[in-house]
Amino acid sequence: GFDFSGFQGGQGFEGVDLNDIFGDFFGGGGRGRGAQVRRGRDISIDLELSFHDAVFGVERKVRLTKTAKCETCNGTGAKEGTKMKTCTECKGEGRIQEAVRSFLGTFMQERECSACSGVGKIPEDKCTTCKGHGVARKDEGLTLRVPAGIQHGETLRMTGAGEAVQNGTTGDLYARIHVTAHKVFKREGHNLTMNLNVKLSDALLGAEYPVQTLDGEIKVKIPKGVSSGELLRIRDKGVPLDNTGKRRGDLIIKLDIKTPTKLSRKAEKLIEELREEGI
């Protein structure tokens, strides 16, 4: 009830609204502020995905035990057929003012009425399922739509899928994504990378190798005379750039030319002949 406006502009308080500061400190809420909307708690879960599902997207079903709106009374807290009456604690205001003593004097603090949870009305007979709270614990199944191209460590938000609270808004569900590493592919942005072992003779003469991609097996042509570490780019075999899947990154293949450690006598003779030719 105390107005700090007389101190405005004083030394050390210029540009500061003391009504707001002390209003927040003592629970008054400050001038011109409405009652704060109640909000249910957020829920956080961990969701593990395969490398393939993270690249192409997937729908995953999860089951949660959480506080949700009571289905029996539809969140009113009243028994079916029961009328609502004005709360006697707050006289239908939904909030109660209390005097709080402090070193600056006595202040009026406003809080939510605990009897009616800020509604201002209470049922004549309470719902037998939720005991008049309007919310109850329940098991609920949800479907999470994971977009294509999601990365390890990202978080999905599902608005309104958190816990409910009487006379307020429902919280949100947050799913932390954990992507299992792939034994062949690594991800670099929207591109996929992999290593391909190539025989020395195929590197010299050229060849065609089968390569397993996320879309299935393809044939990759190894050009003549390639060197170890060279890269081959296969278009549109990477991560989708959007949810349509029509535009994708590339598959980048790093060639690893294997030098034999043991040679037969015939192979040694042939290589000797190559050395004599300056190869």
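Charge tally for Pro210 (other residues, Cβ to Cβ under 12 Å; Lys, Arg +1; Asp, Glu -1): 0.
What does a probe at Val58 reach in the stretch 153-170, counting residues whose amide N is under 18 Å from the point 7 Å along Cα→Cβ? Output list for this probe position: 153-157.
What separates the Cα centres of the stretch 49-81 and the stretch 167-224 is a distance of 34 Å.
Rounded to the nearest 20, the size of the Cβ-charge dipole of the chain about its Cα centre is 800 debye, with Lys and Arg at +1 and Asp and Glu at -1. Extension gain, Gln212 to Leu47, is 56.7 nm, computed as 0.36 nm per intervening residue step minus the present C-alpha separation.
So if we plug the beta-carbon distance of Leu241 and Lys219 into 1/(1 + (r/R0)^6) with R0 = 30 Å, what FRET efficiency do we get, rounded to 0.05?
Details: r = 25 Å, r/R0 = 0.84.
Step by step, r from the Cβ atoms, then E = 0.75.
Pair-distance distribution P(r) for the stretch 135-222, from all Cα-Cα distances in 10 Å bins starting at 0: 12, 28, 21, 15, 12, 7, 4, 1 percent.
Only Cα pairs under 8 Å and 6+ residues apart enter the sum, and on that basis the relative contact order of the chain stands at 19 percent. Heavy-atom surface analysis with a 1.4 Å probe gives the chain a carbon and sulfur content of 48 percent of its accessible area.
What do you get for the angle between helix 265-276 and the principal long axis of the chain? Use alpha-carbon atoms, 0 to 90 degrees, nearest ten. With rounding to tens, the tilt is 80 degrees.
Please list, by residue number, every one of the trypsin sites (Lys or Arg not before Pro) in the stretch 182-221 that is coil in DSSP and has at most 12 other beta-carbon atoms within 10 Å.
Working: sites: Lys183, Lys186, Arg187, Lys199, Lys219, Lys221; in loops: Lys183.
Taking the stretch 182-221 and a limit of 12 other Cβ atoms within 10 Å, the loop trypsin sites (Lys or Arg not before Pro) found are Lys183.
Using R0 = 45 Å, the C-beta based FRET efficiency linking Met194 and Thr169 works out to 0.45.
Between Met108 and Met84, what FRET efficiency comes out of the Förster formula 1/(1 + (r/R0)^6) with R0 = 22 Å and r the beta carbon distance, rounded to 0.05? Don't skip to the answer; put the middle values down first.
Details: r = 28 Å, r/R0 = 1.27.
E between Met84 and Met108, to the nearest 0.05, is 0.20.
Pairs of alpha carbons in the chain separated by more than 26 Å make up 68% of all such pairs.
In this entry, the stretch 78-200 is assigned a mean projected area of 15.7 nm², taken as a quarter of its C-alpha convex hull surface. Based on Cα contacts under 8 Å between residues 6+ apart, the stretch 108-236 shows a relative contact order of 13 percent.
If you scale each eigenvalue of the Cα gyration tensor by 5 and take the root, what three semi-axes come out for the stretch 190-239, rounded to whole angstrom and sorted largest first?
Numbers: eigenvalues 88, 27, 14 Å².
Working through the eigenvalues yields semi-axes of 21, 12, 8 Å.
Taken per residue, the accessible surface of the chain reaches 66 Å², heavy atoms only and a 1.4 Å probe.
Count neighbours as other Cβ atoms within 10 Å of each site's Cβ, and list the GluC sites (Glu not before Pro) in the stretch 230-279 that are DSSP loop with at most 13 such neighbours. Walk me through the numbers on the way to the answer.
Working: sites: Glu230, Glu268, Glu272, Glu273, Glu276, Glu277; in loops: Glu230, Glu277.
Listed in order of number, the matching sites are Glu277.
Modelled this way, with points 7 Å down the Cα-to-C-beta line, the labels at Glu140 and Thr159 are 1.6 nm from one another.
For the chain, the residue among Thr67, Ile150, Ile218 whose Cα projects farthest onto the positive side of the dipole built from Cβ charges is Ile218.
The values are calculated or read from the model by the stated rules, or taken from the named source; none is laboratory data. Since the model is a prediction, treat every value here as computed from it, not as a measurement. Don't worry about glycine lacking a Cβ; one is built from the backbone with ideal geometry, like all the others, and counts go over all protein chains shown. Keep in mind that these areas ignore ligands, DNA and RNA; they rest on the heavy atoms of the full protein, side chains included. Shrake-Rupley method; radii C 1.70, N 1.55, O 1.52, S 1.80 Å.
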